[in-house]
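Quick one: structure below, then a few questions.
The values are calculated or read from the model by the stated rules, or taken from the named source; none is laboratory data. All of these numbers come straight from a predicted model, not from anything done at the bench. Here the Cβ positions follow ideal geometry from the backbone for every residue, glycine too, while neighbour counts run over all protein chains shown. Just the protein is used for accessible areas: all its heavy atoms, side chains included, with ligands, DNA and RNA removed. Shrake-Rupley method; radii C 1.70, N 1.55, O 1.52, S 1.80 Å.
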Amino acid sequence: MIRELSKVYKIEKLSPDIYSMWLVSPVIAKRARPGQFVQVQISDSIDPFLCRPLSIANVNKNKLRIIFRIIGKGTELLKDKKVDDSVYLLGPLGNQAELAKNKNVILCAGGVGIAPLLFLAKQLSKNNQLFLCFGAKNKKELILLDEFKQLCETIFLTTEDGSKGTKGFVTDLLLAKLIPSPRPPILYAAGPFGMLKKIRSIVTNIKIYGFLEERMGCGCGICFGCGVKKKDDGYLRVCTDGPVFDLSEIEL
Amino acid sequence: MIKIKNLTFKNPIILASGTFGFGDKFIEVANKMGGIVTKGITLKPRAGNPVPRICETPAGILNSVGLENPGVDKFKKDTLPKLNSLKTNLIVNIAGNSPSDYEKLAETLQDTKIDALEINVSCPNITDKSNFQMIGQNSKLVYQVVSNVRKKTKKFLITKLTANFIDPALTAQASVDAGTDAICLINTLYGVAFDAKTGKPILGSITGGLSGPAIKPFALYCVWYVASKVKIPIIGCGGIVNANDVKEHLLAGSKLVEVGSANLRNPYAGLEILKGLGGQI
């Protein structure tokens, strides 16, 4: 882990409130693995005080990409950064997703949960067959589709308002289309807590890796501010034990 | 270099309890500090409070971690051996629900190589929710806790006090009378945050402790006020994120300082603050 002053290389609006940012961060980009995240120090000022934990959506040589939704003051300030502005990144943080080999892989994303799955898909597409189930509020939020088209065998889309794909939730689709598959696949899911919970309740016979989101303090295991309940008792750290968990090992 | 009684601090910066784990991470940072305080240790293991445990507030943090820790026996057996090579003062923060808890904790840790104990009578997150009382709000109880600990150990004692709904000069005096070697002021302040959209409290346990730059002026006031009333070395704590904040705490009357929330924003904050101070302290 390193704290690296990183220059904004490119910033792009993907939907009315989702942005993509490439940063020049040679050390973190080189060490990063799918599933991991960075802590972004938004400003030198004491307000906002904490960093924002954002998953690494991709790397390319000395650069890394983050994708974020504007949800508050911090992300609002982040989107206003200009090319060549600098921010401190702490990373790479967290564990890495176990990489499947020669499998049918289902990637299931809800909303901006699609971000870490892009990095994962780039790695997995070399020796697995990928199927993407992606659900969002509406058509505009179905981001990154061109990139996933190059990596996935099939893409299933849902929107809550029916503006594209099947109307409804991605979990309904998952149940209907993919679970009766002949060869037991492996599932990677990233999205809201409720989505992960639903997936676990409907998918029982296969391995599910969930990418968790949680409010964090330090992001590096020293404040005990983030936690997810273990199956038996006590808590695991989302920042250092996760953010990727085998969903059979945690309480949702 | 600062010497208080038998303990020498190579600089005035101590990393505060609950903001730097148990001392087994970022050892290269810890080694450069005047001291490091472990996360609070209790007699029995504690799972900690329900999530969310942390939320950001203007220029600050509200937390309710709830002293998640493995309990003193496991800490002694599994964690302490890893800390033997630390090149800084290792201070163990102890927390309990009664004077006898603290006594047992001190007894258990007496035969270890740790440099000091920090008696935590001021964690707002293990307050008995039925009466909102913590030990640090009652000077008689503070006296009892500190004197019980003093009887069991010769180690350097710091008493970490609260300024929540209590005159801290009273509890400071009680801890001095009971034999503390230093006091630390202040622990986090009471706080609550709500999500206006959902209408629900943000923290899983509703209330929490506020820290960070937002509380610095109040922390400075407490240090300045207690320093004028009680003769005891004070470790100032509250809102320190840079060298100037350290200087302000020293000007208010602190001999040493604890840096807390800044570590959550940047785990290397201690090093940067030290660099900012240059050779000035």
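Which net charge results for the neighbourhood of residue B:31, defined as the other residues with beta-carbon distances under 14 angstrom from its beta-carbon, given Lys and Arg at +1 and Asp and Glu at -1? Intermediate results must be reported in sequence, preceding the final value.
On the way: positive: B:10, B:25, B:32, B:82, B:87; negative: B:24, B:28, B:115.
Here the charged neighbours net out to +2.
Is there a simple number for the mean count of other chain Cβ atoms within 10 Å of the Cβ of residues in A:204-217, and what is it?
Numbers: counts 0, 0, 0, 0, 0, 0, 0, 0, 0, 0, 4, 8, 4, 13.
Averaged over the peptide's residues, the number is 2.
What is region A:107-252 by shape, rounded, prolate or oblate, if you read a ≥ b ≥ c off the alpha carbon gyration tensor as root eigenvalues and call it rounded for a/c under 1.5, prolate for a/b larger than b/c, and oblate otherwise?
Values: a/c = 1.66, a/b = 1.53, b/c = 1.08.
It is prolate, given that a/c is not under 1.5 and a/b is the larger ratio.
Oh, and also: Can you give the log10 of the normalised intensity I(q)/I(0) at q = 0.10, 0.11, 0.13 Å⁻¹, computed with Debye over equal Cα scatterers of the protein assembly as shown?
-0.81, -0.94, -1.21
Let me ask something else about it. Could you check which residue among B:112, B:153, B:207 shows the biggest mean-square fluctuation in a GNM of chain B with a 10 Å Cα cutoff?
Among B:112, B:153, B:207, the largest mean-square fluctuation in the Gaussian network model of chain B belongs to B:112.
While we're here: Which links in A:73/B:216; B:44/B:155; A:79/B:197; B:155/B:255; B:76/B:247 stretch past 26 Å when you go from one Cα to the other? Kindly include the intermediate steps, with their values, before the conclusion.
On the way: A:73/B:216 22 Å; B:44/B:155 22 Å; A:79/B:197 23 Å; B:155/B:255 19 Å; B:76/B:247 35 Å.
Violating the 26 Å limit, Cα to Cα: B:76/B:247.
Ignoring ligands, DNA and RNA, how do A:55, A:45, A:6, B:228 rank by accessible area with a 1.4 Å probe, largest first? Walk me through the numbers before you get to the answer.
Values: A:55 30, A:45 55, A:6 0, B:228 85 Å².
Greatest to least solvent exposure: B:228, A:45, A:55, A:6.
Could you run the numbers on buried accessible area between A and B, total for both chains, 1.4 angstrom probe, in Å² to the nearest 100? Let's see the in-between values first.
Details: alone 11980 and 12380 Å², together 21640 Å².
Separately minus together, A and B give about 2700 Å² buried.
So, one more: On each of the three principal axes of the Cα atoms of region B:161-227, give max minus min coordinate, whole Å, ordered largest first.
In descending order, the Cα extents are 49, 22, 17 Å.
If packing is taken as the mean number of other Cβ atoms within 10 Å per residue, what is the order of B:43-55, B:69-81, A:220-232, highest first?
Working: B:43-55: 19.8, B:69-81: 17.1, A:220-232: 21.3.
Output ranking for B:43-55, B:69-81, A:220-232: A:220-232, B:43-55, B:69-81.
Can you give me the Cα centroid spacing of region B:185-213 and region A:1-17 in angstrom?
If we compute the Cα centre of each part, the gap is 30 Å.
Given points 7 Å out from each Cα along the Cα-Cβ axis, report the residue B:27 to residue A:43 separation in nanometres with one decimal.
Label at residue B:27, label at residue A:43, 3.9 nm between them.
Counting only other chains, and only Cβ atoms inside 10 Å, what mean value do you get across the residues of A:227-237? Walk me through the numbers on the way to the answer.
On the way: counts 12, 1, 3, 1, 0, 0, 2, 6, 9, 0, 1.
Taking all residues of A:227-237 together, the mean is 3.
Please average, across the residues of B:3-15, the number of beta carbons from any other chain that are within 10 Å of each residue's own beta carbon, and give a whole number. Each step should come with its number before you reach the end.
Details: counts 0, 0, 0, 0, 0, 0, 0, 0, 0, 0, 0, 0, 1.
Taking the mean over all residues of the peptide, I get 0.
Highest GNM mean-square fluctuation, chain B, Cα pairs closer than 10 Å: which of B:114, B:240, B:135?
B:114
What does the C-alpha gyration tensor say about the overall shape of chain A? Classify as rounded when a/c is under 1.5, otherwise prolate if a/b is larger than b/c, or oblate.
Details: a/c = 1.63, a/b = 1.35, b/c = 1.21.
Judged from the Cα gyration tensor, chain A comes out prolate (a/c at least 1.5, a/b above b/c).
Hey, another quick one. What is chain B's relative contact order, in percent, from Cα pairs under 8 angstrom and six or more apart in sequence? Each step should come with its number before you reach the end.
Details: 644 pairs, mean separation 53.7, N = 281.
Answer for chain B is 19 percent.
Check cross-link reach from residue A:167 to the lysines: straight Cα distance under 18 Å, and skip same-chain residues fewer than eight apart.
List returned: A:137, A:139, A:140, A:177, A:198.
Please report the carbon-and-sulfur percent of the accessible area for region A:1-72; probe 1.4 Å, protein heavy atoms only, DNA, RNA and ligands left out.
On the way: 1500 of 2890 Å².
Answer for region A:1-72 is 52 percent, counting heavy atoms of protein chains only.
Any idea of the accessible area per residue across region B:155-234, 1.4 Å probe, to the nearest Å²?
Numbers: 3200 Å² over 80 residues.
In whole numbers, region B:155-234 has 40 Å² accessible per residue.
Rounded if a/c is under 1.5, else prolate if a/b beats b/c, else oblate: with a ≥ b ≥ c from the C-alpha gyration tensor eigenvalues square-rooted, which is chain B? Intermediate values should be presented prior to the final figure.
Numbers: a/c = 1.20, a/b = 1.08, b/c = 1.12.
The shape class here is rounded.
Just the accessible area for residue B:104, please: 1.4 Å probe, Å², rounded to the nearest 10?
Here the residue's solvent-accessible area equals roughly 100 Å².
Could you tell me which of the pairs B:5/B:77; B:3/B:231; A:61/B:25 are separated by over 21 angstrom between their Cα atoms in the structure shown? Don't skip to the answer; put the middle values down first.
Values: B:5/B:77 29 Å; B:3/B:231 16 Å; A:61/B:25 29 Å.
Check vs 21 Å cut-off fails for B:5/B:77; A:61/B:25.
Can you list the residues in region B:221-264 whose accessible area drops by at least 50 Å² when all protein chains are present, compared with the chain alone? Use a 1.4 Å probe, heavy atoms only.
Buried by the other chains: B:264.
What ranking of B:154, A:13, A:198, A:79 comes out by heavy-atom accessible area, probe 1.4 Å, highest first? Mind showing how you got there, number by number?
On the way: B:154 180, A:13 125, A:198 85, A:79 50 Å².
The ranking, largest first, comes out as B:154, A:13, A:198, A:79.
Angle check, please: helix A:193-202 long axis (alpha carbons) against the longest principal axis of chain A (alpha carbons), in degrees 0 to 90, nearest 10.
Around 20 degrees separate the two axes.
Over what distance in Å are the Cα centres of region B:32-51 and region A:26-92 separated?
29
Ignoring ligands and nucleic acids, what accessible area does residue B:224 show with a 1.4 Å probe (Å², nearest 10)?
Its heavy atoms expose roughly 150 Å² to the probe.
Please build a GNM for chain A, connecting alpha carbons under 10 Å apart, and tell me which residue among A:89, A:50, A:120 fluctuates the most.
A:50
Once you have the Cα-Cα distance between residue A:83 and residue A:27, take 0.36 nm times their residue separation minus that, and quote the gain in nm to one decimal. Intermediate results must be reported in sequence, preceding the final value.
Working: separation 56, 0.36 × 56 = 20.16 nm, distance 1.96 nm.
Going from the current span to full extension adds 18.2 nm.
Under a point spin-label approximation (7 Å from Cα along Cα-to-Cβ), what is the residue A:127-residue B:200 distance to one decimal in nm?
4.3
Under a 1.4 angstrom probe, counting protein chains only, how are B:195, B:101, A:233 ranked by accessible area, largest first?
Details: B:195 55, B:101 30, A:233 105 Å².
Highest to lowest solvent-accessible surface, that is A:233, B:195, B:101.
Per-residue ellipticity at 222 nm for the protein assembly as shown, helices alone: DSSP H runs ≥ 4 residues times -39500 (n - 2.57), over residue total, nearest 500 deg cm²/dmol? Please report the intermediate quantities before stating the final value.
Working: 14 runs with 119 residues, N = 533.
It comes out at -6000 deg cm²/dmol, rounded to the nearest 500.
Using a 1.4 angstrom probe, figure out how much accessible area chain A has per residue, in square angstrom, rounded to the nearest whole. Mind showing how you got there, number by number?
Values: 10630 Å² over 252 residues.
With all protein chains present, chain A gives 42 Å² per residue.
Indicate the residues belonging to region B:27-67 that lose 20 Å² or more of solvent-accessible heavy-atom surface (probe 1.4 Å) upon moving from the chain alone to the assembly of all protein chains, ignoring ligands and nucleic acids.
Relative to the lone chain, where solvent access is computed with a 1.4 Å probe, region B:27-67 loses at least 20 Å² at B:39, B:47, B:51, B:52, B:53, B:54, B:56, B:59, B:61, B:65.
Ok, one more. For all pairs of alpha-carbon atoms in region A:33-131, what percent lies in each bin of width 10 Å, listed from the first bin to the last filled one?
Answer for region A:33-131: a P(r) of 14, 43, 29, 12, 2 percent.
Take the Cβ-Cβ distance between residue A:139 and residue A:193 as r, set R0 to 35 Å, and report the resulting FRET efficiency rounded to the nearest 0.05. Spell out each step's value before the answer.
Working: r = 24 Å, r/R0 = 0.70.
So the FRET efficiency works out to roughly 0.90.
Now a separate question. Place a point 7 Å from Cα of residue A:164 in the direction of its Cβ. Which residues in region A:100-130 have their backbone N less than 14 Å from it?
A:111-112, A:114
Using only protein heavy atoms and a 1.4 Å probe, report how much of residue B:150 is accessible, in Å² to the nearest 10.
Residue B:150 exposes around 60 Å² with every protein chain in place.
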